[in-house]
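Engineer: Could you have a look at this structure, given as structure tokens, before my questions?
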Number of protein chains: 2
Amino acid sequence: MSGDVKAYMQRLGQQARAAATVVASADAGQKNAALLKIAAVLDASRAQIHQANQKDLENGRQNGLNDAMLDRLALTSDRVDNMIEGLKQVAALPDPVGNISDLHYVPSGIQIGKMRVPLGVIGIIYESRPNVTVEAASLCLKSGNATILRGGSEAIHSNQAIARCIREGLESTGLPVDAVQVLEITDREAVGELITMPEFVDVIVPRGGKGLIERISRDARVTVIKHLDGICHVYIDDRADPDKAERIAVNAKTHRYGTCNTMETLLVHKDIAGGVLPVLANAYAEKGVELRGCPRTRSIIPSAIEATEEDWSTEYLAPVLSIKVVDRMEDAITHINHYGSHHTDAIVTEDFSRARKFLREVDSSSVMVNASTRFADGFEYGLGAEIGISTDKIHARGPVGLEGLTSEKYVVLGDGHVRQ
Amino acid sequence: MSGDVKAYMQRLGQQARAAATVVASADAGQKNAALLKIAAVLDASRAQIHQANQKDLENGRQNGLNDAMLDRLALTSDRVDNMIEGLKQVAALPDPVGNISDLHYVPSGIQIGKMRVPLGVIGIIYESRPNVTVEAASLCLKSGNATILRGGSEAIHSNQAIARCIREGLESTGLPVDAVQVLEITDREAVGELITMPEFVDVIVPRGGKGLIERISRDARVTVIKHLDGICHVYIDDRADPDKAERIAVNAKTHRYGTCNTMETLLVHKDIAGGVLPVLANAYAEKGVELRGCPRTRSIIPSAIEATEEDWSTEYLAPVLSIKVVDRMEDAITHINHYGSHHTDAIVTEDFSRARKFLREVDSSSVMVNASTRFADGFEYGLGAEIGISTDKIHARGPVGLEGLTSEKYVVLGDGHVRQ
């Protein structure tokens with residue numbers, strides 16, 4: 001069996017590599033036509049998708065999936081609408097491939113520029129949500145890459161139904177059907193193969209829990225564009241406008257609890273803590289947010305639980321917030337760079353020099369002044385869509401959209417120039 | 001002993017990590033002052049450097065190093081001059097760190113831009129040439145990174161003498177001495193530790209033979225910016241200007257034989273082969289270049305040896321050239337993408353559409369029209385200097401200068417903005 005899985009994955013890899021060279025030079029019109037055609041086929045295949053999804057849901061219930069997991073698995077009519085809308089949005093985005101930037105003459109007389117090019121073959125590994133199949137496939141296709149998708153075993157029928165729609169859309173617009181391949185097997189070894197075939201796969205994007213991502217990063221033989229924790233901070237400086245501070249601190253925590261750009265720790269300058277913390281405590285109490293504080297916080301908010309060392313490096317993804325009072329902005333920066341996850345961190349201040357220093361010294365993929373951490377998102381940043389948020393420094397950092405799925409090569413133009 | 005090496009490397013890693021946060025926010029003036037001070041100290045320490053180098057050369061001779069190896073190891077007065085000159089050049093380059101690009105408003109009213117930031121800690125592994133110590137250290141320092149350098153064991157005394165100069169330059173300008181650390185031990189295990197400490201080292205740049213680079217890539221737990229082969233092509237199209245074609249084909253092969261951007265295979269369109277190949281054969285004969293050809297090439301140049309399948313994927317690094325006649329440009333592109341190493345490839349043509357297609361479809365880090373492959377170089381590209389040429393697609397491609405040693409983070413500016 002092991003040999004079979006390996007052979008199957010190698011075949012997928014070869015097919016992806018061959019398809020990648022074709023989609024790399026496909027023009028935007030053709031890729032957009034395919035995306036819109038896939039949307040149309042999805043729309044016409046709602047009954048088949050529903051049927052396949054029902055099978056997955058039934059199996060899931062028999063296998064004891066909890067309600068949250070079943071909810072993620074369900075392809076409601078709204079979610080199919082969203083997939084269709086997503087495809088149209090990606091079709092409407094500008095095509096990054098082939099863009100030449102900074103073409104300029106150098107002293108030898110040649111012109112040098114950079115052309116944006118696809119990465120090649122992208123492997124995507126994701127958990128139960130079957131709508132990721134369309135999202136990921138559309139971004140990879142638009143950026144000129146071939147994809148191999150490995151969804152969760154509990155969503156296998158839904159993913160196969162969606163894969164058929166994608167294949168039909170590709171075929172009817174003359175693009176290679178192997179440009180998007182969805183694994184037909186659910187063997188765990190398949191993942192092991194996918195992440196260790198550098199000859200066929202150029203980059204891996206895992207989407208799922210931290211355990212999945214850590215496992216893949218440890219074992220992969222190719223670059224992994226990964227997002228681990230989102231331990232985001234807001235620091236309220238003593239020179240903050242209290243209204244802005246309260247608005248941002250409430251929004252960053254309570255707008256949504258389960259997202260990676262939600263604030264998990266609030267840092268407050270000692271000279272403004274007495275002013276803003278009681279107001280914030282009321283606002284959080286209204287929303288049912290549990291507060292855990294350092295001793296100085298607790299002297300201002302007596303209802304706060306005592307924060308432990310562990311709290312400072314915990315991503316709650318829940319209505320829980322840790323709060324720490326600091327003596328100076330520099331201590332906030334040190335805390336963030338030490339305990340944070342280099343995802344998204346914000347300062348609230350009206351002080352120009354502090355804003356400037358915070359922006360430079362906080363080592364995170366997004367650093368903000370007077371804005372809610374919740375803005376760290378591909379749509380809000382105008383990338384159109386994102387395949388994930390990278391907390392790495394290499395290759396891609398922050399929300400990864402179409403451009404993050406490409407690279408650049410040098411182009412050199414001469415007129416018979418030779419090197420002296 | 002093994003535990004000792006591990007502990008030693010961990011200590012270096014911790015020191016580097018601490019130093020990295022300081023150099024990341026050092027301003028350009030301070031970094032330039034350090035670079036110029038290191039140059040001055042090197043100049044004042046010529047006697048000590050010479051003495052240390054003599055010790056390495058003596059040991060090398062006793063250990064049976066051949067003349068080429070001893071030559072690479074030798075720090076002549078000219079080479080010390082070059083190190084000093086190199087430091088001044090890097091000091092004169094613009095500092096990429098902190099540059100904010102594309103700062104623009106989005107519909108929510110926030111401003112979004114990207115700030116260039118250092119990678120953190122860079123590990124450099126290189127072979128005998130001790131002048132690499134200064135080159136690599138200066139580029140990493142200027143780009144705001146800390147470095148751990150591991151040179152060849154045969155150059156240990158020279159490298160330590162240079163390391164002392166670097167340390168003195170850093171210290172006297174108030175930068176942390178641990179910003180540049182040169183290993184004091186020559187144990188092989190040290191390399192194994194260096195490439196598997198993702199907590200302390202962010203990226204590895206190996207500089208040396210293919211064997212070294214392959215070994216490091218296989219075992220590393222962090223991203224490796226690597227350059228494997230340089231199997232570069234020139235394709236002479238039937239619509240080429242024969243004068244330009246001959247000039248470029250001669251320059252690309254004979255300007256220097258041992259460099260990675262030297263042409264190793266010449267591809268010629270069948271309709272122009274009879275015209276250009278005899279002229280080229282004479283030019284190559286004059287320079288003593290051995291020719292290996294496909295059957296059609298040999299019918300035009302009878303003196304050419306028969307090329308084997310292996311020739312098409314060989315980096316000779318020597319006065320040897322393989323030549324193949326092709327039917328159409330598309331066959332040249334297929335050949336290049338299949339047998340090449342994605343380094344640098346050029347077309348010679350006066351045809352606009354073919355130039356456009358070649359630029360788009362050849363999957364190499366540098367793609368050229370009517371220019372010699374020898375131009376693929378950090379200095380020629382105006383990067384000022386290069387730490388290497390990457391044949392990877394992820395993160396950095398082509399000549400890697402200061403910018404290749406940095407990443408970008410998002411900066412977001414608001415005025416109390418929250419997400420709706």
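Engineer: Can you name every residue in segment B:249-261 that is outside any helix (DSSP H, G or I) and either touching a Gly at 6+ places or on another chain (Cβ under 7 Å) or of a type in the set (A, V, I, L, M) (or both)?
Structural biologist: Across segment B:249-261, the qualifying residues are B:Cys260, B:Asn261.
Engineer: Please go through (1) crowded, with 22+ Cβ neighbours inside 10 Å; (2) assigned by TED's automatic domain parsing to the domain that holds A:Arg328 for A:Val180 and return the number of the only condition it doesn't satisfy.
Structural biologist: (2)
Engineer: Also, quick follow-up: For segment A:246-270: of the residues being among the charged types (D, E, K, R) and away from chain B (no Cβ under 14 Å), which is least open to solvent (accessible area, probe 1.4 Å)?
Structural biologist: Looking at residues that are among the charged types (D, E, K, R) and away from chain B (no Cβ under 14 Å), I get A:Glu264.
Engineer: If only one of B:Ala281, B:Ala273 is open to solvent by 10 Å² or more (accessible area, probe 1.4 Å), in a helix (DSSP H, G or I) and either without any contact (Cβ under 8 Å) to a residue 60 or more places away in the chain or touching a Pro at 6+ places or on another chain (Cβ under 8 Å) (or both), which one is it?
Structural biologist: Just one listed residue meets the conditions, B:Ala281.
Engineer: Based on what the data block shows, is A:Leu291 hydrophobic (A, V, I, L, M, F, W, C), closer than 22 Å to B:Ala24 by Cβ and open to solvent by 10 Å² or more (accessible area, probe 1.4 Å)?
Structural biologist: no
Engineer: Of everything in segment A:335-369, what is polar (S, T, N, Q) and in contact with a helix residue (DSSP H, G or I) (Cβ under 9 Å, 6 or more places away or on another chain)? Give them in sequence order. Can you show your working first?
Structural biologist: Going through segment A:335-369, the residues polar (S, T, N, Q) turn out to be A:337, A:341, A:344, A:349, A:353, A:364-366.
Those that are polar (S, T, N, Q) and in contact with a helix residue (DSSP H, G or I) (Cβ under 9 Å, 6 or more places away or on another chain): A:Asn337, A:Ser341, A:Thr344, A:Thr349, A:Ser364, A:Ser366.
Engineer: What are the residues in segment B:339-349 that are open to solvent by 10 Å² or more (accessible area, probe 1.4 Å) and within 10 Å of chain A (Cβ to nearest Cβ), if any?
Structural biologist: B:His342
Engineer: Across segment A:359-414, which residue is nearest to the other protein chains (Cβ to nearest Cβ) among those that are of a type in the set (Lys, Arg) and farther than 22 Å from B:Leu383 by Cβ?
Structural biologist: By that ranking, first place goes to A:Arg374.
Engineer: Which condition number in (1) modelled with pLDDT of 95 or more; (2) under 31 Å from the mean Cα position of the chain (by Cα); (3) within 30 Å of A:Gly209 (Cα to Cα) is the one that A:Glu330 fails?
Structural biologist: The single condition A:Glu330 does not satisfy is (3).
Engineer: Continuing with this model, one more query. Out of everything in segment B:166-218 that is of a type in the set (Gly, Ala, Ser) and part of a helix (DSSP H, G or I), what residue ends up being farthest from A:Lys393 (Cα to Cα)?
Structural biologist: Here the answer is B:Ser172.
Engineer: Take segment A:352-378 and flag every residue that is open to solvent by 10 Å² or more (accessible area, probe 1.4 Å) and under 11 Å from the mean Cα position of the chain (by Cα).
Structural biologist: Selection gives A:Asp377 alone.
Engineer: Now for a different question. From the residues in segment B:315-330 that are in contact (Cβ under 8 Å) with a residue 40 or more places away in the chain and open to solvent by 40 Å² or more (accessible area, probe 1.4 Å), which one is nearest to B:Leu228 (Cα to Cα)?
Structural biologist: The qualifying residue nearest to B:Leu228 (Cα to Cα) is B:Glu315.
Engineer: Among what's in segment A:385-420 and is aliphatic (A, V, I, L, M) and outside any loop (DSSP other than H, G, I, E, B), pick the residue that is modelled with the lowest pLDDT.
Structural biologist: Quick first cut of segment A:385-420, residues aliphatic (A, V, I, L, M) only: A:385, A:387, A:389, A:394, A:396, A:400, A:402, A:405, A:411-413, A:418.
Applying the additional criterion that residues be outside any loop (DSSP other than H, G, I, E, B) yields A:389, A:400, A:405, A:411-413.
Values: A:Ile389: 85, A:Val400: 91, A:Leu405: 94, A:Val411: 97, A:Val412: 97, A:Leu413: 97.
If we take residues in segment A:385-420 being aliphatic (A, V, I, L, M) and outside any loop (DSSP other than H, G, I, E, B), then A:Ile389 is modelled with the lowest pLDDT.
Engineer: Select from segment A:382-407 the residues that are without any contact (Cβ under 8 Å) to a residue 60 or more places away in the chain and open to solvent by less than 10 Å² (accessible area, probe 1.4 Å) and write down the one among them that is nearest to the chain's Cα centre (by Cα).
Structural biologist: A:Pro399
Rundown of residues vs (1) of a type in the set (D, E, K, R); (2) within 14 Å of chain B (Cβ to nearest Cβ); (3) more than 22 Å from the chain's Cα centre (by Cα); (4) closer than 16 Å to B:Thr223 by Cβ, yes/no style:
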residue: A:Leu170; (1), (2), (3), (4): no, no, yes, no
residue: A:Gly174; (1), (2), (3), (4): no, no, yes, no
residue: A:Gln181; (1), (2), (3), (4): no, no, no, no
residue: A:Thr186; (1), (2), (3), (4): no, no, yes, no
residue: A:Asp202; (1), (2), (3), (4): yes, yes, no, yes
residue: A:Val205; (1), (2), (3), (4): no, yes, no, yes
residue: A:Gly208; (1), (2), (3), (4): no, no, no, no
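Engineer: Turning to a different aspect of this structure: Show me the helices (runs of 4 or more DSSP H) entirely contained within segment B:13-90 in which 2 or more residues are under 30 Å from B:Arg116 (Cα atoms) and either open to solvent by less than 70 Å² (accessible area, probe 1.4 Å) or away from chain A (no Cβ under 14 Å) (or both). Walk me through it before giving the result.
Structural biologist: Details: elements: B:28-44, B:46-62, B:67-73.
Per the criteria, B:28-44.
Engineer: How many residues does segment B:31-77 hold that are under 20 Å from B:Gln181 (Cβ atoms) and either over 26 Å from the mean Cα position of the chain (by Cα) or aromatic (Phe, Trp, Tyr) (or both)?
Structural biologist: Total satisfying the criteria: 4.
Engineer: Just one of the numbered conditions (1) surrounded by fewer than 17 Cβ atoms within 10 Å (Cβ to Cβ); (2) in contact with a strand residue (DSSP E or B) (Cβ under 6 Å, 6 or more places away or on another chain) is not true of A:Ala304; which one?
Structural biologist: Condition not satisfied by A:Ala304: (1).
Engineer: Would you check which residues across segment A:234-246 are touching a residue at least 40 places away in the same chain (Cβ under 8 Å) and of a type outside the set (A, V, I, L, M) and list them?
Structural biologist: A:Tyr235, A:Asp237, A:Arg239, A:Asp241, A:Lys244
Engineer: Follow-up question, since we're still on this one. Pull out all pairs, ordered by first then second residue, where Cβ-Cβ is under 8 Å, the residues are six or more apart or on different chains, the first lies in segment A:212-224 and is on the phi > 0 side of the Ramachandran plot, and the second is β-branched (Val, Ile, Thr) and open to solvent by 30 Å² or more (accessible area, probe 1.4 Å).
Structural biologist: Qualifying pairs under 8 Å: none.
Engineer: Please find, among A:Asp243, A:Asp219, the residue that is open to solvent by 40 Å² or more (accessible area, probe 1.4 Å), at pLDDT 85 or above and within 29 Å of A:Thr334 (Cβ to Cβ). Write out each step before concluding.
Structural biologist: Numbers: A:Asp219 fails: within 29 Å of A:Thr334 (Cβ to Cβ).
Every option except A:Asp243 fails the conditions.
Engineer: Among the residues in segment A:130-149, are any more than 17 Å from A:Lys88 (Cα to Cα), surrounded by fewer than 23 Cβ atoms within 10 Å (Cβ to Cβ) and within 24 Å of the chain's Cα centre (by Cα)?
Structural biologist: Filtering segment A:130-149 down to residues more than 17 Å from A:Lys88 (Cα to Cα) leaves A:130, A:145-149.
Cutting the leftovers down to surrounded by fewer than 23 Cβ atoms within 10 Å (Cβ to Cβ) gives us none.
Among the residues of segment A:130-149, not one is more than 17 Å from A:Lys88 (Cα to Cα), surrounded by fewer than 23 Cβ atoms within 10 Å (Cβ to Cβ) and within 24 Å of the chain's Cα centre (by Cα), which makes the answer no.
The values are calculated or read from the model by the stated rules, or taken from the named source; none is laboratory data. Owing to the predicted nature of the structure, the values given are computational and were not obtained by experimental measurement. When we count neighbours, we look across all protein chains shown, and the Cβ atoms used for this are built from the backbone with ideal geometry, even at glycine. All accessible areas refer to the heavy atoms of the entire protein, side chains included, with ligands and DNA or RNA removed. Shrake-Rupley method; radii C 1.70, N 1.55, O 1.52, S 1.80 Å.
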